[in-house]
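Take a look at the structure set out below.
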Amino acid sequence: MIEIKGLRKSFNGLEVLKGVNLTIPADKITFIMGQSGTGKSVLIKHIVGLIKPDSGEIWFEGKDLTKLSERELQKVRRKIGFLFQEGALFDSMTVGENVAFPLIEHFKLSKKEIAEKVRELLSAVELLEFKDKYPSELSGGMKKRAALARTLALQPQVVLFDEPTTGLDPILQITILDLIKGLKERYHLTCVIISHDVTLAFKFADYIAFLHQGIILKEGTPEEIKESSDPFVQKFIKSALI
Amino acid sequence: MNFFALLGRAFLKFIYDSGGIFLFFFKTLFYTFSPPYRIKLFIKQMEFIGVKSWLVVSLTALFSGMVTAYQVNHALAKFGGQSVLGGVVALTLTRELGPVLTAIMVVARAGSAITAEIGSMRITEQIDALKIMAVNPIQYLMVPRLWASVIVVPLLTGMADIIGIAGGYGVAVFLLNIDPGILLARMEDMVELIDILSGILKSIFFGAFLVTVCGYKGYNASGGAEGVGRATTEAVVISSVGILISDYILTTIFF
Ligand SMILES: Nc1ncnc2c1ncn2[C@@H]1O[C@H](COP(=O)(O)OP(=O)(O)O)[C@@H](O)[C@H]1O
Ligand SMILES: [Mg+2]
């Protein structure tokens, strides 16, 4: 579905990605795991062209995304949704207006049709009664759900989630991931989820990749990961079981 | 050595910023002509800049007009030429004080708010979110603001000219007991269309300049809330100093 080849990126002389190779399977939930500050966000921001690599390729639908112009990227971005860690909701707009925004920008719909679509999306993330609230009035988990509704409005084929569960309580973490899984079935999404929670990964992932010191150290199905003999992977798994 | 290194760095930053601001301006100009045309946002921004600024601009203009009348009277009294007072006040306002003070007040009120707003959108990734949703952020954020500023700043300047002249007139007639008939007649003789026009042209330039600088500084903010604060201060300083310097250059070009 998405094929990353030899991706390298440095910031001010510090090499964050040192040749990442990763194929993200279609219609699956892929977890990208790793310690804080290893470059997980940097990696998935490359996929939507928010960051340009120093070298390497990212293939999607027969095109190398790293070579596209800003105009061509815009077309691709309508197919690949991105959920920011803090939601990145527009704080000058209500939740409803946030969700309506991409619809107004990209579809020729009547006011009524937009209102209907906003209702549908907000009910899908169970936020309908907060339609007229501003983002500043929402909790962290609600912001993430509202941002998810806004992302889904463009009917993407792929959604990249930057730490959708970090900072939430355990029950909410499960709720969010159940929600993502339900939406994935309903809208046939390919999901990429950044997380450092091994338990959640084993429960929800179809595929897991470990990013460590700038490369994909290990990738595979949850079963393959569990049986990995790599000391770092084992340490990471054990840390979750303490 | 350290001093020269510092000087060199400041100079490089100046060159870098100037280049960035120019490019930012031309991008905004370029995206003006590509749809969608965001009329609603444009009107909203005109309202924002106008509502934020009109009161301070009025007060500044009123007192500048009044104090100018006072000072000019003091200077002219030595030669007994007080009848030209109205003309001198009107010229000072339309040519210099009106456009410059208005622009600086708009920087302080609306410009700083623009930097803070766009800067906080940058650090909370709202600008990236625009990109992700296939919306061009410069087109969305800057085009409406640029044209709103280019229209509203001259309007505010016209208002400042009128209020300032009225303030000067009030001081001259009621405090300094100058004959209003002569005052107005002389004012009419002395102020020509080019004086008013040059002031308005200046204010159009200032409007474009200040909104570009303030937008640019917000757009490139980094380093959390503190970074937004720093960007706002820099935007206000660069805009204000830039307005004063370019005012001098524009004056020498016009006259
Ligand atoms: N725009 C940027 N400029 C400079 N350094 C950056 C930038 N984005 C990320 N980094 C650096 O890259 C490293 C990886 O960051 P990130 O991808 O956010 O980590 P995480 O795995 O926690 O998501 C960090 O050291 C961070 O400081
Ligand atoms: Mg991150």
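Nothing in this text is a laboratory measurement; each read-out follows from the coordinates by a stated rule. These numbers were taken from a predicted model, which means no experiment stands behind them. For neighbour counting, all protein chains shown are included, and Cβ atoms are generated from backbone atoms with ideal geometry for every residue, glycine included.
Annotations for the structure displayed:
- Between helix A:95-106 and chain A there is an angle of about 90 degrees, using the helix long axis and the longest principal axis of the Cα atoms.
- FRET efficiency for A:LYS52 and B:SER18, using Cβ-Cβ distance with R0 set to 25 Å, rounded to 0.05: 0.55
- Antiparallel DSSP beta bridges within the protein assembly as shown, percent to nearest 5: 55
- Highest-fluctuation residue, A:THR190, A:THR151, A:THR166 considered, GNM on chain A with Cα pairs under 10 Å: A:THR166
- Residues A:ASP91, B:ASP179 in ascending order of nearby Cβ atoms (within 10 Å, fewest first): B:ASP179, A:ASP91.
- In terms of its Cα atoms, the protein assembly as shown spans 101, 64, 43 Å along the principal axes, sorted from long to short.
- Rounded, prolate or oblate (a/c below 1.5 giving rounded, otherwise prolate when a/b exceeds b/c) for the stretch A:1-52 by Cα gyration tensor: prolate
- Taking amide H positions as modeled 1.01 Å from N, with prolines and chain starts lacking one, the residues under 5 Å from A:LYS218 and 5 or more places away or on another chain are A:PHE210.
- Nearby aspartates and glutamates by direct alpha-carbon distance to A:LYS235 (threshold 20 angstrom, same-chain neighbours under 8 apart not counted): A:ASP197, A:GLU219, A:GLU223, A:GLU224, A:GLU227
- Screening chain B for whole DSSP H helices with an alpha carbon extent of at least 30 angstrom along the helix axis and a mean Kyte-Doolittle hydropathy of at least -0.5 yields B:2-32, B:39-77, B:137-170, B:193-219, B:224-254.
- Additional length obtainable on full extension of the chain from A:ARG8 to A:LYS63, 0.36 nm per residue less Cα span: 18.0 nm
- Here, P(r) means the percent of Cα pairs in each 5 Å bin from 0 to the largest distance; for the stretch A:91-155 it is 4, 21, 35, 25, 12, 4, 0.
- Normalised by the number of residues in chain B, the average gap of Cα pairs under 8 Å and 6 or more apart makes the relative contact order 32 percent.
- Chain B: most fluctuating residue of B:LEU59, B:LEU12, B:LEU93 per GNM, C-alpha cutoff 10 Å: B:LEU12
- Exposure proxy ranking, count of Cβ atoms within 10 Å, fewest first, for A:ARG8, B:ARG145, B:ARG95: A:ARG8, B:ARG95, B:ARG145
- To the nearest ten degrees, helix A:111-124 and the longest principal axis of the Cα atoms of chain A are 40 degrees apart.
- Close amide H partners of B:ILE178, meaning residues 5 or more places away or on another chain with modelled amide H under 5 Å apart, are B:VAL173.
- Values of log10 I(q)/I(0), in the order q = 0.08, 0.10, 0.16, 0.17 Å⁻¹, for chain A under a Debye, Cα-only, solvent-free model: -0.31, -0.48, -1.19, -1.31
- Length-normalised contact order for the stretch A:91-155 - Cα pairs under 8 Å, 6+ apart - percent: 51
- Other-chain or far-sequence residues with amide H under 5 Å of A:SER10's (modelled H): A:VAL16, A:ASP54
- Contact order relative to length of the stretch A:62-194, as percent, for alpha carbon pairs under 8 angstrom and 6 or more apart: 33
- Residue-count net charge about A:TYR187 - beta-carbon cut-off 12 Å; Lys, Arg +1, Asp, Glu -1: 0
- Around A:GLN173: net Lys/Arg minus Asp/Glu count, Cβ-Cβ under 13 Å: 0
- Taking a Cβ cut-off of under 15 Å around B:VAL107, the surrounding Lys, Arg, Asp and Glu residues balance to a net charge of +2, with basic ones at +1 and acidic ones at -1.
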